[in-house]
Amino acid sequence: MTVSNSVFPETQSEARFDPKLESRYTIDNIFKYATWFATILALAVLAILLLDVLVDGLPNLSLDFLTSFPSRRPENSGVLSPLMGTLQLLIVTALFAFPIGVGAGIYLQEFAKDNWFTRALEINISNLAAVPTVIYGLLGLAAFVNLFGFLTGGRSIVSGGLTLALLILPVIIVATRESLKAIPDSLRLAGMALGSTRWQVVWEHVLPQAFAGILTGTILGLSRAIGDTATLVIVGAKTFVPFIPLFFQAGFTALPIIIFNWVSRPQPAFHSIAATGIIVLMIVLLTMNATAIFLRNKFQRSV
Amino acid sequence: MTGSVLPPSSQSHGLWQPKRGASKRTEDIVKVILGAFAAISIATTIGIVLSLVFETFQFFTEVPLWRFLTDRAWTPLFTNPQYGIFVLISATFLTSVIAMLVAVPLGLLSAVCLSEYAPRNLRAWLKPGLEILAGVPSVVFGYFALLLVTPFLRQFIPGMNTFNGLSAGLVMGIAILPTIASLSEDAIFAVPQSLRQGSYAIGATKRETILNVVLPAALSGIVASIVLGVARAVGETMIVTLAAGLNPTLTLNPLVPIQTMTAFIVQVSGGDVPVGSLSYRTLFAVGTTLFLITLALNIFSFWFVRKYQEKYD
């Protein structure tokens, strides 16, 4: 930023540094407004998106919509089987991803020695977080649907839930590690000084303190799983399922799948119920996120 | 352990005897179980690689690699099939570039805004707002692209098709923006205050400080967030499936229907594909290509962060 004298060859005698503050501050202001513009634009898009979905979809939202099966006629269509599918997927995914993800996080943060295996695990986990969801879908198709189809029931909710569980494992592992990292070491040292083993310290003292953070991370991971469409399409979700399939039954469906189908149809009536489906999905997601935020606020100041 | 060294007569006095042996055993068992859980993440990677490699290898026994790389069309389901993967790559490239043109400048500017300009209490509201945007499922963005953005743009661009790369790319940019904004903001926020004060002390304005001192100091984190954004764009599926079309075309024209790698995978697997058929294997061949691209991006990101990461104490 130094302005050398050579810029003012004529005024050598009174060679004075000209900070040009006026114009620099003008550019400063332009830059500042640009950053505000970008932030507000992003939030405005979110607002327009929500508003558009609400305007299009809210008129169709009724108890009938929640309690009818998808149909070829938009006016009779509902989201009963997709909603039940999504809730079951949620259960299966949570049942697998939560213990495994938290266990892996505890292992890496509290037990693992700093050796090549641990480093490989860490690199692997951050790598997995960037793998596209369709690749997980292909893994689910090859492993859970075809290879272990005799256990999972093939194109079933269990296959879908297991695939989604693998998809969100990195999220839960990272969240667990972050929450454990935030617990002060004095707590661990105090436990060990009283003769506890490492696991006793973790189980009885560290984990209860870190639990809110872990739960928040898990819920955020689950809400990503619930909105995921591509993985379920590849694993073999169906569109029109006129009954409520249970866990191991082949031929399941879910909310994002039916939304995807309705949006891709040419008739505007289907687009309108797609918006209603999006509202139902967003309500499920918002409930989950609100729970996460509530837990975070409730337990944050306990340490 | 300690119990055994005590004389048997003292048992009756009710001395407390820690069951060290049992605790030790529990500890070992727990450690093995937790270690196994951690190993599942490795198993996932191995599973991905194995399933991709196995089916892709089968694919290349039927379709030679040079045809995969040199064919000028992608028509695997036709009677006279052609397998030019670059047709799909061109579509992925086009939509990703458009998305990044939106997401990188807007994402970085809002990261700067949140970290440097927004008052603390406002930041506490703006950041969760952006994170909500990041949590919107991509099928919802697909709805948005197809039914709101495309009709809007068609009023101004007469030759635009209902399915096109432009609106898919634009909306994808909005979808990726929060990822870049949030991660870059973390990196920018972590730059120590002393660097900013040093810059102010030699007479730089706030903008000059941000552009010449803070952003370079946060460069490794920013680049990592952008690379993750590119990986998201390349792997993004529902927006491009719904809004960009299912029409494999070797073109960089953003106004006509195209088909990305991800859209092909979803389209073909949406119908029941018999295991072991050529179309089943085609899915995995495209998946492998996609995986290799994101792997290359990841490796670049690791290398860059390792090389340029600034450490402050």
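The values are calculated or read from the model by the stated rules, or taken from the named source; none is laboratory data. Just so you know, these numbers come straight off a predicted model, no measurement behind them. With ideal geometry, Cβ positions are generated from the backbone for all residues, glycine too; neighbour counts draw on all protein chains shown.
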Open item on the list: Whether any residue in region A:163-182 is under 12 Å from the mean Cα position of the chain (by Cα), of a type outside the set (A, V, I, L, M, F, W, C) and within 16 Å of A:P99 (Cα to Cα) is what I want to check.
Closed with: yes
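Within region B:136-158, how many residues are in a helix (DSSP H, G or I) and surrounded by fewer than 18 Cβ atoms within 10 Å (Cβ to Cβ)?
Narrowing region B:136-158 to residues in a helix (DSSP H, G or I): B:138-154.
From what's left, surrounded by fewer than 18 Cβ atoms within 10 Å (Cβ to Cβ): B:148, B:151-154.
The number of residues fulfilling the criteria is 5.
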Take A:G221 and tell me if it is over 25 Å from B:M261 (Cα atoms), at pLDDT 90 or above and not hydrophobic (A, V, I, L, M, F, W, C).
no
Of A:L80, A:L89, the only residue that is out of contact with any Lys or Arg (no Cβ under 8 Å at 6 or more places or on another chain) and away from chain B (no Cβ under 14 Å) is A:L80
Residues of region A:95-137 being without any contact (Cβ under 8 Å) to a residue 60 or more places away in the chain and hydroxyl-bearing (S, T, Y), in sequence order, are A:Y107, A:T118, A:S126
Taking the criterion of being within 12 Å of chain A (Cβ to nearest Cβ) and under 30 Å from B:L250 (Cβ atoms), would at least one residue in region B:165-172 satisfy it? yes
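What residue, of B:L126, B:L77, B:L122, is modelled with pLDDT under 90, surrounded by fewer than 22 Cβ atoms within 10 Å (Cβ to Cβ), outside any helix (DSSP H, G or I) and not basic (K, R)?
So the residue among B:L126, B:L77, B:L122 that is modelled with pLDDT under 90, surrounded by fewer than 22 Cβ atoms within 10 Å (Cβ to Cβ), outside any helix (DSSP H, G or I) and not basic (K, R) is B:L77.
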Within region A:188-219, of all residues that are small (G, A, S) and within 12 Å of chain B (Cβ to nearest Cβ), the one surrounded by the most Cβ atoms within 10 Å (Cβ to Cβ) is A:S196
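Within region B:104-118, does at least one residue satisfy the condition of being more than 10 Å from chain A (Cβ to nearest Cβ), buried (at least 17 other Cβ atoms within 10 Å of the Cβ) and either touching a residue at least 60 places away in the same chain (Cβ under 8 Å) or within 30 Å of A:K32 (Cβ to Cβ) (or both)?
Looking only at region B:104-118, we keep the residues that are more than 10 Å from chain A (Cβ to nearest Cβ), and these are B:104.
After this cut, where a residue has to be buried (at least 17 other Cβ atoms within 10 Å of the Cβ) as well, the list is B:104.
Remaining after also requiring either touching a residue at least 60 places away in the same chain (Cβ under 8 Å) or within 30 Å of A:K32 (Cβ to Cβ) (or both): B:104.
Yes - at least one qualifying residue is present in region B:104-118.
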| request: Determine if region A:30-51 includes at least one residue that is more than 30 Å from B:M172 (Cβ to Cβ), more than 7 Å from chain B (Cβ to nearest Cβ) and without any contact (Cβ under 8 Å) to a residue 60 or more places away in the chain. | output: no
With criteria (1) farther than 24 Å from A:A237 by Cβ; (2) assigned to a loop (DSSP other than H, G, I, E, B); (3) of a type in the set (D, E, K, R), A:R72 comes up short on (1)
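Here is a check on your reading of the model: is B:E131 outside the structural domain of B:V234 (by TED's automatic domain parsing), among the acidic types (D, E) and within 28 Å of A:A225 (Cα to Cα)? Lay out the reasoning, then the answer.
On the way: outside the structural domain of B:V234 (by TED's automatic domain parsing): no; among the acidic types (D, E): yes; within 28 Å of A:A225 (Cα to Cα): yes.
In short, no.
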Looking for something closer than 27 Å to A:G251 by Cβ and crowded, with 21+ Cβ neighbours inside 10 Å - is there at least one such residue anywhere in region A:59-71?
yes
Fill in: B:A231 being crowded, with 17+ Cβ neighbours inside 10 Å, in contact (Cβ under 8 Å) with a residue 40 or more places away in the chain, of a type in the set (A, V, I, L, M) and under 26 Å from A:V235 (Cα atoms)
yes
